[in-house]
1. I need the trypsin sites (Lys or Arg not before Pro) found in the range 257-291, filtered to DSSP loop residues with at most 16 other beta carbons within 10 Å of theirs.
2. Mind putting a number on the dipole of the chain about its Cα centre? Charges go on the C-beta only, +1 for Lys and Arg and -1 for Asp and Glu, and I need it in Debye to the nearest 20.
3. Note down the magnitude of the dipole of the range 158-301 about its Cα centre, charges +1 on Lys and Arg C-beta and -1 on Asp and Glu C-beta and zero elsewhere, to the nearest 20 debye.
4. Tell me the label only: which of [x] 142, 67, 11; [y] 33, 24, 19; [z] 38, 23, 16 is semi-axes √(5λ) of the Cα gyration tensor in Å as calculated from this structure?
5. Could you state the angle between the C-alpha long axis of helix 53-225 and the longest principal axis of the C-alpha atoms of the chain, as a value from 0 to 90 degrees rounded to the nearest 10?
6. Please report, in debye to the nearest 20, how large the charge dipole of the range 226-298 is about its Cα centre when each Lys and Arg carries +1 at its beta carbon and each Asp and Glu carries -1 there.
7. Which residue, Q184, Q168, A90, has the largest displacement toward the positive end of the dipole of the range 75-187 when charges sit on each Cβ (Lys, Arg +1; Asp, Glu -1)?
8. Amide H to amide H under 5 Å from E258: which residues, 5+ apart in sequence or cross-chain, H placed 1.01 Å off N in plane?
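What follows is calculated from the coordinates using simple rules that are stated; it is not laboratory data. Since we're looking at a predicted model, the values are computed, not measured. Cβ: placed from backbone, ideal geometry, glycine included. Neighbour counts: every protein chain shown.
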Amino acid sequence: MWKTIRENPRAVAYAVLMHLVLLALLVFNLDWTPKTSRTGGETVPIQAELIDQRRLEVIEQRKRQAEQEVKQKAEAERKQKAEREAKQEAEAERKQKAEQEAKQKAEAERKQKAALEAKQKAEAERKRKAELAARKKAEAERKQKAELEAKKKVEAERKRKAELEAKQKAEAERKRQAELAAKQKAEAEAALQAQIAAEQAQLEEQRVQSALGEFIGYIADKVERNWLRPAGSPKGLRCKVNVKVIPGGDVASARVVESSGDPVFDRSAENAVLRASPLPMPKDAAIARHFRDFNFNFEPY
C-alpha cells in the first residue's frame with residue numbers, strides 16, 4: 001500500500017477525494033427529519049428512517065466505479081512512468097553508445113595523427129641529419145679554405161709588419177733625435193724662462209714686502225688712533241690680530257690670534273680695528289689682494 005502511495009501520490013489523492021464525495025452524498029441523502037405516528041391518539045416520534053436500499057446500491061456502485069477509475073488512472077500513470085523511464089534509459093544507453101563511438105573515433109584519429117606525426121618527425125629527422133652532414137662537409141671545406149687563406153694572410157701580414165717595423169724603427173729613431181734636440185732646446189728655454197720668472201718673482205716679492213711693510217705701518221697708525229686704552233691697562237702689552245677686509249678696505253672681522261694675556265686689552269685691540277674701518281689700502285690690485293686676510297702686531301705706544 002505504501003509503495004502505491006509513493007509511486008502514485010496523485011492517484012491516491014484522487015481516491016481519497018472520491019471517498020469524501022461519496023460520503024457527502026451519503027450524508028445528504030439520509031433523511032434526518034423525525035417521523036410521527038399516532039397510537040391511541042398520541043403522537044410518537046420516530047428516531048430514524050431506514051436508508052433507501054436503492055440509494056445505497058447506487059452509492060456503492062458509484063464508489064466501486066470511482067475506485068476502479070482511480071486504479072485505472074494509477075495503472076495508466078504507472079505505465080506512462082515505466083515507458084518514460086524506459087525511454088530515458090534507452091536515451092541514456094544511446095548517448096553512452098554515441099559517446100563510446102565518439103571516443104573510439106577520437107582514439108583512432110589520435111593514433112592516426114600520432115602515426116602521421118611520427119612519420120613526419122622521422123622524415124624531418126632524416127632531412128635534418130642530411131642537412132647536418134652537408135653543413136659539416138661544407139664547414140670542413142670552408143675551414144680548410146679559410147686556414148689556407150689565413151696562412152697566406154699571416155705570411156703577408158708578417159712581411160708587412162716586418163717592413164712596417166723597419167720603417168717605424170727608422171722613423172722612431174729620427175723622431176727621437178728630433179725630440180731630443182727639441183727637448184734640449186725646450187729645457188734651455190725653460191731654464192731661461194724660469195730664471196727670468198724667478199728674478200721677476202723676487203723683484204715682485206720685494207715690491208710686495210715693501211708695500212706690505214709700508215701699508216701695515218699706515219694701518220697700525222690708524223688703528224692706534226682709534227684705540228682707547230682700557231683703564232688700568234699696563235704699558236708694553238702686545239697682541240697679534242687677524243683682519244679680514246673687503247674691497248675698498250672695509251673691515252669684515254677682527255680677531256686676536258695671539259693674546260696679550262689680558263682679555264680686556266685684546267678686546268680693545270679688536271674694537272680699535274673695527275673703528276678704524278675703512279683701512280688704508282694700496283691702489284695696486286696685485287698688492288691689495290694680500291690685504292684681504294692678514295695678521296698684524298698691535299703694540300700701542
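1. K283
2. Details: 65 positive and 51 negative charges, 469 e Å.
Dipole of the chain, to the nearest 20 debye: 2260 debye.
3. On the way: 25 positive and 21 negative charges, 196 e Å.
Value, rounded to 20: 940 debye.
4. [x]
5. The helix 53-225 is inclined about 0 degrees to the chain.
6. My answer is approximately 80 debye.
7. After comparing all options, I get Q184.
8. Excluding prolines and chain starts, which carry no amide H, the hits are K240.
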